[in-house]
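The values are calculated or read from the model by the stated rules, or taken from the named source; none is laboratory data. Computed from a predicted structure; not experimentally measured. Every residue, glycine among them, receives a Cβ derived from its backbone with ideal geometry; neighbour counts consider all protein chains shown. Areas reflect the complete protein model, heavy atoms only, side chains present, ligands, DNA and RNA absent. Shrake-Rupley method; radii C 1.70, N 1.55, O 1.52, S 1.80 Å.
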Amino acid sequence: VRGLLSLGRIERREPTTCDLSALVGEVLLLVGPSCLHAKVTLRSDTEEGPVRVMAEASSLRAAVLNLTLNAIEAAGAGGEVGVSATEAAGEAIIEVRDNGAGPPLELADRLTEAFVTSKPEGVGLGLAIAQQVAAEHGGRLSWSRDGGWTRFHLAIPQGVPTPRGPE
């Protein structure tokens with residue numbers, strides 16, 4: 001419910017220095033039991049040392065958690081999920097990938113829209129929230145399907161943030 005309500009209003013908190021490597025570690029600890037239950041292998045390929053960005057940590061954590069939980073569900077029993085934090089070209093990038101079947105082609109262009117889902121019991125807010133968090137940090141959320149893997153990239157500029165509201 002909180003995620004749904006946040007789509008309709010702008011919540012501004014001051015950004016602080018955030019270590020995305022540590023944030024990924026926190027998310028992996030949170031989803032570990034879900035992976036065990038779902039029989040999904042969870043991997044972290046985060047760079048050695050901190051991956052720093054100016055950000056609002058709690059909203060970024062929520063976005064990465066949503067992406068990771070989606071990946072666990074998409075991978076299914078016997079599947080794999082990987083989460084990493086890296087730096088490239090002035091951006092901090094979190095990648096969440098799974099080796100599930102990938103999203104249905106008919107939803108590919110609308111995956112990050114609110115209430116768009118292929119899950120029978122899904123609400124369709126997780127990716128919309130992640131998209132909003134990326135935009136609020138002056139970044140972007142993108143996805144691709146490559147070599148049997150679905151990859152979501154949450155990229156945030158490492159310079160001084162220029163937060164934007166929902167588009």
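Remark on SER44: its backbone amide H falls under 5 Å from those of VAL83, a criterion applied only to residues 5 or more positions apart or on other chains, H modelled at 1.01 Å from N. Accessible area of ASP45 (1.4 Å probe, protein heavy atoms only, ligands and nucleic acids ignored): about 80 Å². Backbone geometry of region 73-90 corresponds, through the Karplus equation with coefficients 6.51, -1.76 and 1.60 at θ = phi - 60°, to 3J(HN,Hα) couplings of 5, 5, 5, x, 4, x, x, 10, 10, x, 10, 9, 10, 9, 10, 7, 6, x Hz, x marking Gly and Pro. Ranking of LEU20, LEU42 by solvent-accessible surface, largest first: LEU42, LEU20 (1.4 Å probe, protein heavy atoms only, all chains present).
A cut-off under 12 angstrom between Cβ atoms defines the neighbours of CYS35, and their net charge, with Lys, Arg +1 and Asp, Glu -1, is -1. A simple spin-label model places the labels of GLU80 and LYS39 1.8 nm from each other, with each point 7 Å out along Cα-to-Cβ.
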